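The values are calculated or read from the model by the stated rules, or taken from the named source; none is laboratory data. Owing to the predicted nature of the structure, the values given are computational and were not obtained by experimental measurement. Every residue, glycine among them, receives a Cβ derived from its backbone with ideal geometry; neighbour counts consider all protein chains shown. Note: areas computed on protein heavy atoms with side chains; ligands, DNA, RNA excluded. Shrake-Rupley method; radii C 1.70, N 1.55, O 1.52, S 1.80 Å.
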Amino acid sequence: MPGGDSWPEVPGVFFDGRSSRDHPATLHLEPDGVRLRLAGRADHHWRAADVTVDPALPGVRRALSFPDGSRFETAEHATVRAWETRHGRNRLLGGVARLEASWGAALGAVAVTGALLWGFVTFGLPALARQAAAVTPQSVLASFDREAMRVLEGQDLIGPSGLGAARQAQLQAAFRDVSGWAGGGYGYRLLLRDGEPAGGVGMGANAFALPNGTVVMTDQLVALARSDRELIGVLAHEAGHVTQRHGLASVYQALGLSLIVTALTGDVVSASTFAAAVPVALVQGGYSRAAETQSDAVAARYLLERYGTTRPLQTILARLESAEGGADGLPDLLSTHPGTAARIEHLRQLEDAAR
């Protein structure tokens, strides 16, 4: 960098503003202005105040513009930067250019951006999904239930129940008591279905709730239970998912994350398939640990009011996990209900607190 008032000439090209042709030239950067030198022509001088210096851009020549519309461009970035700094030009944009040229700053910006994205996905997106679920009209919830059932039955994931009419009537009566206690004005209905239809993939021993109060319970789960109280505990838990709108929040959260991925990758095709993916997300999307804890608390209140114990739900959760060899590989109820041991302990604590 030059010192004092001694400033070197910088090579470059000159455009006269009247044609696109460039002319080899040199520019002498002086303390009070600039002096242009062209072969065969007289020097031209401009005061510093009359010179416009374009902001620095990586990989682009520095450009200085003059009042008559002419322009000088040079690749000597350092010399031009020193001159514009002396005259107080582009201070803010110069700092931006230096940051852009710094690997450390670039990596720091990537790290900060990643941290902000992680924070949004971890905390912001779930909060927005819960708010969106809370204000969704029930007419929309009913359409989600219809579409989800259409997908389930159309893909042979469930089939007609093989339970006898008397057994179905018993379970329907139990569910009416649970849904009446849960309230909320939802379109509650219990659908008993075969979780292993012939020729289908099947869902096995399972129970899940759709946003508007449709609860599906499979014959296989009914067969696994050793008492109706165990099944009632499961139904109360699913009613908790309905009243807390967990299913809809999980859908919004899943689709919101897909929107982020679409924005980053530019995948327009995936954006057009969101509507068709909603029913699948309703059935296959898991719940957060907080959602499970809330629904277990709802089921515990019901069981404690009716029977004075949470043991029925504890027992069937443990039996489900044992029957399937642990929760890690389950494609059914426990696959969307993480932390079975912790949930059972939580139910015990709720019972102890009630006593």
Tell me, what % of the accessible area of region 1-85 is carbon and sulfur with a 1.4 angstrom probe? 50 percent
Additional length obtainable on full extension of the chain from A127 to S20, 0.36 nm per residue less Cα span: 32.9 nm
Defining a contact as two alpha carbons under 8 Å apart and six or more residues distant in sequence, what relative contact order in percent does region 140-229 show? 34 percent
Debye intensity ratio in log₁₀ form over the Cα atoms of region 138-216, taken at each q of 0.14, 0.19, 0.20, 0.23 Å⁻¹: -0.49, -0.88, -0.95, -1.14
If R0 is 56 Å, what FRET efficiency do you get for T113 and A165 from their C-beta distance, rounded to 0.05? 0.40
